[in-house]
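Novice: If you scroll down you'll find the structure; I have some questions about it.
The values are calculated or read from the model by the stated rules, or taken from the named source; none is laboratory data. These numbers were taken from a predicted model, which means no experiment stands behind them. Please note: Cβ atoms are built from the backbone with ideal geometry, for glycine as well, and neighbour counts cover all protein chains shown.
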Amino acid sequence: MDRNKITKNDMSLVTKLFKYSTAEKIPFSFMYGERRVNGIPGEFAPVVKRELIDSNMVRYTIVGKNSEGLEITAEYTEYLDFPVTEWIVYIENCGEKDTPILSDIKITEGTLEGTSPVLLHGNGDTVREDGYEYFYDNVDKELVIAPDGGLACLEALPYMRLMFKEYGINIAVGWPAQWEVGMKPSENGKGVDFYAKQQRTNMVLKPGEKIRTPRMTFMGYQGDETRGRNLWRRWYFKHIIPKENGQPLPPKMILHTWKIDGGPEFCRCTEKNQIEAIETYVSKGLKPDIWWIDAGWYDCDMYWQTTGNWYPEPNNWPNTMMPVSKKCEEYGIQFLVWFEPERVLDNTYFGNMKEWVLDCKPEHKHNYKLFDLSNDACCDFLIEYIDGQIKKNGVHLYRQDFNFAPLDTWKYNEAEDRIGFMENKHVQNYLRFWDALIERNPGMWIDSCSSGGRRNDLETMRRAVSLHYTDIGCGNHPIKQKQHREMFEWMPYFRAHTMSWDRDGVYCDWDMQPADKFAFHCAMAPAITELIEYYDNDEMFEVGREMTPIWRRAAELMISGDYYPLTECRKSPEDYYAMQFDDPAEKKGFLQVIRNVQCAEDSFTVMPFAEENETYEFEDMETGEKFTLSGKEFAKGYTVNLPKRTGRIWFYKRG
């Protein structure tokens, strides 16, 4: 199987991925009162429009309306350069009366054909050490997968791989809330019966109201799981990841200074100390791509969780944050600022807008409430207000957090005949809000966060990247290795910290140790935050100056290359960890091996990807060592001898 090319056999798989044929056979169904509606039947008088979106995508839009004014619009997108199909359906009440109850609204309902099905799926970001786990389940019984709390990646990952004996399918759910995927052996024995949906729907639509389904994405591939993984990565980098001024997003080195004078988070950040820090970093040879200000910059009385006053704390920022933005622009640095507009506290600017604040269940002990984005007027206000703050403060990159699980709040505030409507409208307006910010601020992209990576579904990732994919294990290297394994596979542009929490071979949460070379090795990702404070000694800066070029060279290959995980990630400090990236077009890559802090074996042999008919020229940028191996030698395994708590990266060219 040629890993470098999309073959005719790959593209032929589109016919198996819920390909559009007729309006009646659209893979969509719902309960309309007491009867089931499948596809867009003839009574809706469907009309089909075909358009070429660009040279790589064709879209079919199928619209039908019944005599009661219920309009269904299905959008089917087929990619012409990858074996990928996508579906989304909108339902609108164009009539003058409330609709009957709409319920159990399924998208991509049907049979995926093949034998011996196995499902690879994960538990997402659990905000515990057991997160980012993989599971392989035989589909010999019914499987139902859903997240928790109304957050797309909490306790379930909206990315999965269904592997048949004959071929495989990468599947992604685009729904930044409470989705559900179900599958079971088909009754005819020919494959898997599959469906996806917003988990909870039982609602009337009032005149003029419109809802939508999750967007479902399917990629077929021939070959093994490695090929499926890397076709997904190539498609993702080409079609999904946000562009920066129309160009592919490059590696980003990030710096910040925080907890100044013992202050919590960024509460003591001021115009003066931020400008001083930027100038110091640059003068000492560490110029970041991004300058980061996180939670606490707003009026919060030194308690960053007081969310709702989205304007700079006036004592710290008498001139807004614009002077810091200007200083960043002087050095060619992007200015990133944290917001969390959906979670509000009483007696704040947002919290006092009572008509737009949803109460939680009385038994909830916290005081946080949900800003009601299911209300169009609320969303309109939010667009204008946050866009205004972006412009007033010179924000280049918008970072949005969401430390709130909204599902219980939606349940508490919905009527029995409106189940799921509030969630659906919130999702629509959340995406509309982001789209408006991007449109109004050319060149800006968004960093998605939700106590880490709890809301990183594919619909969100079309507009954002994840610069903080978890709140767990940031300095616990084996846990981070497990997390990176999943991120490289599905959401391959992300950031890691050079944190270390290990002391004498033992990890303890937030036992912050100085950033050293080992911390850099364990933080290799397309974006990196170097945790070197501007007031640190020159020895610390020297580590950064030496390791930054190594990271950047590796990061470029993490974006352009195919990914090969070479060791099992068990979150164990007793393991070796190894990975490889290989750019097939440029014929270059790197191999990295890490010996963790409690690993007993002095030597370890990895089995890398290798082109046996080529010659590999290796270079270790840390030691200056260079050597050559034939592809046949390299393919037999590469043995390393490393001390505990060290890592090595060997860059190579082949030909």
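Novice: Tell me which residues, restricted to region 592-615, are polar (S, T, N, Q) and touching a residue at least 40 places away in the same chain (Cβ under 8 Å).
Specialist: Gln592, Asn596, Gln598, Thr615
Novice: Here is a further query. Is it true that some residue in region 127-139 is assigned by TED's automatic domain parsing to the domain that holds Asn188, in a strand (DSSP E or B) and buried (at least 18 other Cβ atoms within 10 Å of the Cβ)?
Specialist: No, that holds for no residue.
Novice: Another question, then. Identify all residues within region 71-93 that are in contact (Cβ under 8 Å) with a residue 60 or more places away in the chain and not charged (D, E, K, R); write none if there are none.
Specialist: Matches in region 71-93: Tyr79, Phe82, Pro83, Val84, Thr85, Trp87, Ile88, Val89, Tyr90, Ile91, Asn93.
Novice: If Pro362 meets every condition in (1) free of Cβ contacts under 8 Å to residues at least 40 places away in the same chain; (2) touching a helix residue (DSSP H, G or I) at 6+ places or on another chain (Cβ under 8 Å) apart from one, which number is that one?
Specialist: (2)
Novice: OK, next. Just one of the numbered conditions (1) over 25 Å from the mean Cα position of the chain (by Cα); (2) modelled with pLDDT of 95 or more; (3) more than 28 Å from Ser103 (Cβ to Cβ); (4) in a loop (DSSP other than H, G, I, E, B) is not true of Ala415; which one?
Specialist: (3)
Novice: Can you tell me which residue among Gln481, Gln513 is in a helix (DSSP H, G or I) and not assigned by TED's automatic domain parsing to the domain that holds Asn170?
Specialist: Gln481
Novice: Kindly provide the set of residues from region 627-645 that are on the phi < 0 side of the Ramachandran plot and either surrounded by 14 or more Cβ atoms within 10 Å (Cβ to Cβ) or not assigned by TED's automatic domain parsing to the domain that holds Leu591 (or both), ordered by number.
Specialist: Selection gives Leu629, Ser630, Gly631, Glu633, Phe634, Ala635, Lys636, Tyr638, Val640, Leu642, Lys644.
Novice: Run down Ile333, Ile278 and say which single residue is aliphatic (A, V, I, L, M), more than 30 Å from Leu373 (Cα to Cα) and in contact with a Cys (Cβ under 8 Å, 6 or more places away or on another chain).
Specialist: Criteria check complete, one pass: Ile278.
Novice: Among the residues of region 560-583, are any buried (at least 18 other Cβ atoms within 10 Å of the Cβ), assigned to a loop (DSSP other than H, G, I, E, B) and charged (D, E, K, R)?
Specialist: Yes, the conditions are met somewhere in region 560-583.
Novice: While we're on this one: Scan region 223-239 and tell me whether some residue there is surrounded by 18 or more Cβ atoms within 10 Å (Cβ to Cβ) and assigned to a loop (DSSP other than H, G, I, E, B).
Specialist: no
Novice: Return the only residue of Gly168, Gly208, Gly182, Gly191 being touching a residue at least 40 places away in the same chain (Cβ under 8 Å), small (Gly, Ala, Ser) and in contact with a Leu (Cβ under 6 Å, 6 or more places away or on another chain).
Specialist: Of Gly168, Gly208, Gly182, Gly191, the one residue that is touching a residue at least 40 places away in the same chain (Cβ under 8 Å), small (Gly, Ala, Ser) and in contact with a Leu (Cβ under 6 Å, 6 or more places away or on another chain) is Gly191.
Novice: For region 108-119, give me each residue that is assigned to a strand (DSSP E or B) and in contact with a Leu (Cβ under 8 Å, 6 or more places away or on another chain).
Specialist: Leu112, Val118, Leu119
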